[in-house]
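Okay, structure first, notes after.
FYI, it's all coordinate maths here, none of it is from the lab. Just so we're clear, the structure is a prediction, and the values are computed from it rather than from any experiment. Cβ placement follows ideal geometry from the backbone for every residue including glycine, while neighbour counts extend to all protein chains displayed.
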Amino acid sequence: MYRTLIVEAAERVFARRGYAGTKMQDVADEAGLAIATVYATIAGKEELYAAIHELRGRALLERAADAARNATSAFDALLIGVEAYARFLAEHPDYLRVHLNEAQPWALDPRFLCAEQKRQWRSGLELTVGVFRAAMAEGSVSEGDPELLARLMIAAHQVFLVHWVEHGMRDPIEALVEKMQNHVRRAFARQS
């Protein structure tokens with residue numbers, strides 16, 4: 001019970017202050033717990049940060065993969081995956097801010113703060129590469145390096161999400177999803 005409370009409180013604090021600016025006492029205060037209770041539950045800041053990524057990162061990947069299973073084509077899976085991904089991050093704005101606070105390019109091999117975050121990133125990249133590979137096989141995406149295309153799409157997602165957050169997340173999520181999906185269509189769909 002305490003673990004969930006602490007992880008959720010930490011997510012909010014990391015979103016506001018970033019990793020370097022967050023102290024375990026800040027998390028304890030946010031959770032309404034004594035610092036001793038926090039340390040009895042979680043060994044330290046890195047473990048806490050990893051727990052956030054384990055909880056949210058896995059849920060994000062599961063949602064995108066589950067949504068893509070309902071696709072009628074590999075290209076449709078790309079579009080559905082984009083929607084699931086964007087909606088998940090909109091539903092978890094603190095988790096989105098945690099990522100954006102790191103100010104790293106998502107498409108590269110980022111220098112993550114914890115191994116769990118690296119595992120989640122690698123799993124997401126592999127999932128996206130697999131969908132691009134399938135889309136190439138069906139002829140809906142132009143030939144090329146599927147990993148490069150996946151990384152280009154991920155980079156664009158980061159830009160769209162940063163822009164959305166910087167503008168106060170005022171646009172409805174539907175509008176953001178549409179922009180992101182339209183970009184995928186323009187950038188990757190095979191032209192007839």
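Quick notes
- Selection status of Glu116, of a type in the set (D, E, K, R) and touching a His at 6+ places or on another chain (Cβ under 7 Å): yes
- Hits in the stretch 124-146 (condition: surrounded by fewer than 15 Cβ atoms within 10 Å (Cβ to Cβ) and in a helix (DSSP H, G or I)): Glu126, Ala137, Glu138
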